[in-house]
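Q: Handing you a structure now.
The values are calculated or read from the model by the stated rules, or taken from the named source; none is laboratory data. Just so you know, these numbers come straight off a predicted model, no measurement behind them. Reconstructed Cβ throughout: ideal geometry from the backbone, glycine too, with neighbour counts over all protein chains shown. We work out accessible area using only protein heavy atoms, side chains counted, and drop any ligands, DNA or RNA first. Shrake-Rupley method; radii C 1.70, N 1.55, O 1.52, S 1.80 Å.
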Amino acid sequence: MSDEQTSAPSPEPGGSGSGGGPEPEEIRFFGTTWVHHDGGYGLRRAGVAVGSLALAATGALVLRFALQGLEIAAVGPFVGILVVAGFAICSALAFRRTWDGFVRRPDPAARSAADKSSQGLMMIGFIGSLLAYFCRSLVEAPGEKRYRAEYAAARERHERRRGARTGNPAAKKPRSGKRR
């Protein structure tokens, strides 16, 4: 691919950088239907809600089979309690982290070794992430509020910049006073 074919990252969220104004970012499973709630937006929300709940139930069933395997192995109640507590804590952490991702964009500077090390917790707590998707999709597309606020701010910045450039510069009044 040549340099002419690649596009530079736009200064606006989801923007094309072509001067035509910012474009909305796509949300997973929704594309840009969240902007005007068109293109099957309601059905997509229902599908995400049902799908995430079904996947969470399936995950819980798989974890139940794992616990039955521990019971068959006769490892003792202490290990069973540790496993259940571990999955519950990881699910709660994953729920909170996923929910926070819907509300605010993660700071790129905050992505550190600690962030990467928590990926294991997120994988163990996948049920919490799926439940966060389910709960949020009952209200809106997951992350829609954040994307809508960013898109509105980008449009406002674009209008302000565009408005500042309008007018005939030759028609501006000369400054009164002497230049130094």
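Q: So Cys90 ticks every box in (1) of a type outside the set (Asp, Glu); (2) part of a helix (DSSP H, G or I); (3) at pLDDT below 90 but one. Which box is left unticked?
A: (3) is the only condition that Cys90 fails.
Q: Could you please find all residues in the stretch 28-50 being assigned to a helix (DSSP H, G or I), among the small types (Gly, Ala, Ser) and open to solvent by 30 Å² or more (accessible area, probe 1.4 Å)?
A: Gly42, Ala46, Gly47
Q: Regarding Thr98, is this residue closer than 30 Å to Gly163 by Cβ, among the hydroxyl-bearing types (Ser, Thr, Tyr) and either in a helix (DSSP H, G or I) or open to solvent by less than 50 Å² (accessible area, probe 1.4 Å) (or both)?
A: On the way: closer than 30 Å to Gly163 by Cβ: no; among the hydroxyl-bearing types (Ser, Thr, Tyr): yes; either in a helix (DSSP H, G or I) or open to solvent by less than 50 Å² (accessible area, probe 1.4 Å) (or both): yes.
Spelling it out, it is not the case that Thr98 is closer than 30 Å to Gly163 by Cβ, among the hydroxyl-bearing types (Ser, Thr, Tyr) and either in a helix (DSSP H, G or I) or open to solvent by less than 50 Å² (accessible area, probe 1.4 Å) (or both).
Q: Scan the stretch 65-88 for residues that are within 30 Å of Gly143 (Cα to Cα) and without any contact (Cβ under 8 Å) to a residue 12 or more places away in the chain and jot them down.
A: Ala85, Ala88
Q: Can you tell me which of Ala49, Ala110, Ala60 is among the aliphatic types (A, V, I, L, M), under 23 Å from Met122 (Cβ atoms) and modelled with pLDDT under 85? Spell out the reasoning first.
A: On the way: Ala49 fails: modelled with pLDDT under 85; Ala60 fails: modelled with pLDDT under 85.
Of Ala49, Ala110, Ala60, the one residue that is among the aliphatic types (A, V, I, L, M), under 23 Å from Met122 (Cβ atoms) and modelled with pLDDT under 85 is Ala110.
Q: Moving on. Got at least one residue in the stretch 56-77 being open to solvent by 40 Å² or more (accessible area, probe 1.4 Å), among the charged types (D, E, K, R), under 17 Å from Ser129 (Cβ atoms) and not in a loop (DSSP other than H, G, I, E, B)?
A: no
Q: Does Arg136 fit the bill of being part of a helix (DSSP H, G or I) and open to solvent by less than 50 Å² (accessible area, probe 1.4 Å)?
A: yes
Matching residues to (1) at pLDDT below 90; (2) within 16 Å of the chain's Cα centre (by Cα); (3) closer than 30 Å to Leu53 by Cα:
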position	(1), (2), (3)
Arg96	no, yes, yes
Asp100	yes, yes, yes
Ala114	yes, no, yes
Arg148	yes, yes, yes
Ala164	yes, no, no
Gly167	yes, no, no
Ala171	yes, no, no
Pro174	yes, no, no
Arg179	yes, no, no
